[in-house]
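Below is one structure, written out as structure tokens; comments come after it.
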Amino acid sequence: MGTHAKLTSRLTAFVLLLFVLVGALGWRLVDFQVVRAEEIQEKSLERRSVTQTLTALRGDILDSSGQVLARTVFRYDVNAAPKNVGPVFRAEDGVVTEHSVEAIAMELAPLLGLSLEELLPRLEGDSEYANLAKAVDAATYNAIRDLRVPWIYFDQFSDRLYPNGAVGGNLIGFVGSDGTPLAGLERQFNSCLAGVDGQEKYERSAEGVRIPTSNVVTQPTQDGGNLNLTIDSNLQFFAQQVLADTVAELNADWASAIVIEVETGRILAAAEAPTVDPNEPAATDAGNRGSKIMQFAFEPGSIMKSISSAMILDSGAANEFETKKAPDRLQLDYGESIKDSFDHDEFDLSLAGVLRYSSNTGIYAFGMEVDEKERFNYLQDFGFGSTSGLNFEGESSGILRPYEDWQYADKYTHLFGQGVSVTALQMGFAYQAIANGGVRLDPILVDSCTGPGGEVLYEPDQKGYRVISEANADLNLQLMEKVVEFGGVGKTAAIEDYRVAGKTGTAQIREGDGYGERYAISFYGVAPVENPRFVVGVTIYRPEGVSNSAKATPPFKAIMQQALKHYRVPPSTTTSRDDIPSNRFGEPGA
């Protein structure tokens with residue numbers, strides 16, 4: 001073969017090879033750009049795509065006037081990607097200008113709360129992450145975002161705030177750092193308050209920077225509902241301050257006060273000291289983070305005598321004029337004895353006199369006229385021995401033993417508040433029944449849960465229970481009024497221009513099998529007597545060196561006065577009955 005033929009052959013082979021290579025490349029291009037284009041695009045998007053959770057806002061907790069007691073705000077961690085840090089180009093009036101890293105840092109530093117010397121080193125290096133500030137507020141976030149720095153990005157999270165601090169903290173509860181509800185109404189009504197998080201996807205460049213306008217919401221967020229309470233935060237705050245001063249003065253373990261609107265059963269205040277600030281729950285001992293009003297049961301002592309007198313009247317065992325012999329000590333056949341709190345000659349006491357002098361022997365004499373089963377049923381009807389229906393977490397039912405199990409002292413000690421334990425909530429609503437014409441209402445603490453659009457998601461189903469007749473409830477209230485008119489301690493609960501009824505209580509606290517030297521002192525009362533608006537109940541637990549209820553009336557008086565003033569209740573225009581015997585001889589008068 002000649003030289004020319006060889007060259008021609010080689011050229012032909014080269015051209016054929018070239019055609020094969022071009023064809024192969026063409027096929028690959030068709031394969032990539034047409035046949036497998038969608039698959040390749042999806043894989044590429046997968047590598048560039050990032051899925052991010054969109055946090056839903058937890059609903060607010062509001063007081064009776066709409067004041068916010070708990071709310072959720074967004075916070076933002078501000079981060080940079082140092083490997084991508086460089087000059088920023090901005091178009092201003094159609095002109096693109098370059099801004100150096102140092103110039104951008106000078107804009108960022110004051111917003112981040114950093115000096116330039118602190119910020120610049122954080123922007124250096126090859127990493128994709130450097131935190132510049134944690135938990136900045138929305139205003140700071142917006143200001144930094146508006147600088148349009150492509151190598152700055154944000155991590156958003158929610159933060160629960162309690163603007164009024166410890167006001168209502170024992171009821172509201174608190175959430176953990178991750179937003180999980182840990183106590184109180186926050187946990188009980190989580191299904192109302194919690195929202196549903198959403199999701200979005202966005203693309204990032206090869207340098208790891210988020211591509212603007214690339215975000216797509218794949219699941220929208222659903223914000224939580226608002227929890228509307230019956231609590232009046234102003235009254236709650238006032239009561240908490242009164243109790244804090246009382247605990248400090250008496251060196252008591254704790255004190256509580258409940259304020260109930262008689263006609264509605266709405267709890268306007270449920271105050272305690274010490275209490276918890278939900279913004280900083282760890283600063284409070286674990287034992288003081290809950291609600292003792294709901295969760296702690298104690299022997300009530302003589303505040304139970306008002307309940308006993310009510311069932312004595314309603315059962316027909318006695319009326320307001322009958323009297324019983326009341327010695328200072330009564331020896332019983334089976335070795336037990338009952339003693340009054342002070343030495344005295346034998347009295348002839350009416351029921352009003354029994355309440356006025358807080359006579360244990362007198363209430364025993366009247367109470368034993370009522371059948372045991374009937375007394376037990378009355379106590380149940382007044383709400384003792386069972387939870388209230390609020391379903392507040394950890395709510396105590398107290399202790400009320402079945403009458404079939406009563407032996408010896410069990411058969412009578414409940415008449416003067418021993419051998420039975422109650423919560424402040426239970427006792428408050430027993431007094432509410434007397435003040436409300438004999439009808440005990442289910443307590444209401446939460447008015448409603450409303451969705452983001454205002455739709456009602458929850459309302460309480462309140463029921464009423466006839467406990468005693470209206471006539472006997474009104475009569476019993478008039479007997480209780482004599483405690484405030486003439487009682488040695490009770491008269492210190494009197495409020496000028498208002499008719500007040502109530503009862504003192506001093507209960508020895510059990511220690512082991514017997515009673516110790518410390519007391520729970522209480523005063524529960526109603527005002528105004530002629531048209532009852534409020535029940536206020538105060539209990540002070542283990543005050544130092546105190547063995548009577550004299551220190552319980554000042555906080556009662558202060559809180560009741562504030563409620564009457566705050567709600568503009570007009571002064572009484574009527575006076576108490578002057579024909580009800582209440583002195584030690586069973587006669588009218590002081």
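Each value in this text was obtained by applying a stated rule to the coordinates, not by laboratory testing. Being a predicted model, the structure only gives us computed values, none of them experimental. We place every Cβ from the backbone using ideal geometry, glycine too, and count neighbours over all the protein chains shown.
Using DSSP to call loops (not H, G, I, E or B), can you name the trypsin sites (Lys or Arg not before Pro) in the range 463-532 whose Cβ has at most 16 other Cβ atoms within 10 angstrom?
Working: sites: Lys463, Arg466, Lys482, Lys491, Arg499, Lys503, Arg510, Arg518; in loops: Lys463, Arg499.
Filter output for the range 463-532: Lys463.
Which one of Gly224, Ala501, Phe154 is farthest out on the positive end of the charge dipole of the chain, using unit charges on Cβ (Lys, Arg +1; Asp, Glu -1) and the Cα centre as origin?
After comparing all options, I get Phe154.
About its Cα centre, how strong a charge dipole does the range 233-566 have in debye, to the nearest 20, once Lys and Arg get +1 and Asp and Glu get -1 at the Cβ?
Details: 27 positive and 47 negative charges, 76 e Å.
Around 360 debye, computed over the range 233-566.
Roughly how many debye, to the nearest 20, is the charge dipole of the chain about its Cα centre, given +1 on each Lys and Arg Cβ, -1 on each Asp and Glu Cβ, and no other charges?
Numbers: 51 positive and 80 negative charges, 324 e Å.
Dipole of the chain, to the nearest 20 debye: 1560 debye.
Using 0.36 nm per residue, how much length does the chain from Glu587 to Asn531 gain when fully extended, once their Cα-Cα distance is taken away?
Details: separation 56, 0.36 × 56 = 20.16 nm, distance 2.65 nm.
Fully extending the segment from Glu587 to Asn531 adds 17.5 nm.
Please give the contour-minus-distance gain from Lys339 to Gln222: 0.36 nm per residue of separation, less the Cα-Cα distance, rounded to one decimal in nm.
Details: separation 117, 0.36 × 117 = 42.12 nm, distance 6.36 nm.
Taking Lys339 through Gln222 to full extension adds about 35.8 nm, to one decimal.
Please sort by residue number the GluC sites (Glu not before Pro) in the range 395-504 whose DSSP state is loop and whose Cβ has at most 12 other Cβ atoms within 10 Å.
Numbers: sites: Glu395, Glu404, Glu455, Glu470, Glu481, Glu485, Glu496; in loops: Glu395, Glu455, Glu496.
Within the range 395-504, the qualifying GluC sites (Glu not before Pro) (loop, at most 12 other Cβ atoms within 10 Å) are Glu455, Glu496.
Could you give the radius of gyration (one decimal) and Dmax (whole number) of the Cα atoms in the range 233-566, in Å?
19.2, 69
May I ask for log10 I(q)/I(0) of the range 351-432 at q = 0.16, 0.22, 0.25 Å⁻¹, from a Debye sum over the Cα atoms as equal point scatterers with solvent left out?
Scattering profile of the range 351-432, log10 relative to I(0): -0.65, -1.11, -1.30.
Going down the list Lys411/Lys503; Lys292/Lys482; Lys411/Lys557; Lys292/Lys339; Lys463/Lys503; Lys305/Lys557, which pairs span over 25 Å between their C-alpha atoms?
Numbers: Lys411/Lys503 22 Å; Lys292/Lys482 30 Å; Lys411/Lys557 34 Å; Lys292/Lys339 30 Å; Lys463/Lys503 27 Å; Lys305/Lys557 20 Å.
With Cα atoms farther than 25 Å apart: Lys292/Lys482; Lys411/Lys557; Lys292/Lys339; Lys463/Lys503.
Given the rule -39500 (n - 2.57) for each run of at least 4 DSSP H residues, summed and divided by the residues of the chain, what is its mean residue ellipticity at 222 nm, to the nearest 500 deg cm²/dmol?
Details: 17 runs with 178 residues, N = 590.
Result for the chain: -9000 deg cm²/dmol, rounded to the nearest 500.
Starting from the 7 Å offset along Cα-to-Cβ, what nm value, one decimal, do you get for the label separation of Ala286 and Lys565?
According to this spin-label approximation, the distance is 4.1 nm.
What is the spread of the Cα atoms of the chain along each of their three principal axes, largest first, in whole Å?
Taking max minus min along each principal axis of the Cα atoms, the chain gives 152, 50, 46 Å.
For the range 332-375, with equal point scatterers placed on the C-alpha atoms only and solvent neglected, what are the log10 I(q)/I(0) values from the Debye formula at q = 0.17, 0.21, 0.23 1/Å, to two decimals?
Debye intensities relative to I(0), on a log10 scale: -0.53, -0.78, -0.89.
Computed FRET efficiency, Cβ-Cβ of Ala135 and Gln67, R0 35 Å: what is it to the nearest 0.05? Write out the running numbers ahead of the final one.
Values: r = 25 Å, r/R0 = 0.71.
Between Ala135 and Gln67 the formula returns 0.90.
For Lys83, which lysines qualify as cross-link partners when the Cα separation must be under 27 Å and same-chain residues fewer than eight apart are set aside?
Filter leaves Lys43, Lys134, Lys201.
Pop the C-beta distance of Asp159 and Glu393 into the FRET formula with R0 = 25 Å and round what comes out to the nearest 0.05.
Numbers: r = 24 Å, r/R0 = 0.95.
Using R0 = 25 Å, I get an efficiency of 0.60.
Calculate, for Arg577 and Asn142, the FRET efficiency according to 1/(1 + (r/R0)^6) with r their C-beta to C-beta distance and R0 41 Å; round to the nearest 0.05.
Efficiency for this residue pair is about 0.05.
Count charges around Thr361 for me, please; just the other residues with Cβ under 10 Å from its Cβ, Lys/Arg as +1, Asp/Glu as -1. Working shown, then result.
Working: positive: Lys324, Lys325, Arg329, Lys339; negative: Asp328, Asp340, Glu346.
Neighbourhood net charge equals +1.
For Gly464, what charge total do you get from the other residues with a beta carbon under 15 Å from its beta carbon, if Lys and Arg give +1 and Asp and Glu give -1? Don't jump to the answer; show the numbers that get you there.
Working: positive: Arg266, Arg440, Lys463, Arg466; negative: Glu261, Glu263, Asp381, Asp442, Asp461, Glu470.
Result for the local shell: -2.
Given labels modelled 7 Å from the Cα in the Cβ direction, how far is it in nm from Phe321 to Ser448?
Spacing of the two 7 Å Cα→Cβ label points: 5.2 nm.
Quick one: net charge around Leu119, please, counting Lys, Arg +1 and Asp, Glu -1 for every other residue with C-beta under 14 Å from its C-beta. Don't skip to the answer; put the middle values down first.
Numbers: positive: Arg122; negative: Glu102, Glu107, Glu117, Glu118, Glu124.
Local net charge: -4.
Under 1.5 on a/c is rounded, so check that first for the range 517-590, then, if it is not, pick prolate when a/b is larger than b/c and oblate when it is not; a ≥ b ≥ c are the square roots of the alpha carbon gyration tensor eigenvalues. All intermediate terms of the calculation are to be shown ahead of the outcome.
On the way: a/c = 3.29, a/b = 1.18, b/c = 2.78.
Judged from the Cα gyration tensor, the range 517-590 comes out oblate (a/c at least 1.5, b/c at or above a/b).
What does the highest-first list of 102-115, 540-553, 365-378 look like by mean Cβ count within 10 Å?
Numbers: 102-115: 15.5, 540-553: 19.4, 365-378: 17.6.
The packing order, highest mean first, is 540-553, 365-378, 102-115.
Excluding residues on the same chain fewer than 8 positions from Lys565, give the aspartates and glutamates whose Cα lies under 16 Å from its Cα.
Result set, ordered by chain and number: Asp232, Glu261, Glu496, Asp497.
For Gln380 paired with Glu102, estimate the spin-label separation in nm (one decimal), with each label point 7 Å from Cα along the Cα-to-Cβ line.
Each label point lies 7 Å from its Cα, and together they span 8.6 nm.
I'd like to verify something in the chain: which complete DSSP H helices, judged by Cα projection on the helix axis, reach 18 Å or more and average at least 1.0 on the Kyte-Doolittle scale? Mind dumping the intermediate values first?
Working: long enough: 3-30 (40 Å, 1.34); 233-250 (25 Å, 0.46); 470-486 (25 Å, -0.02); 553-566 (19 Å, -0.38).
Passing helices, by number: 3-30.
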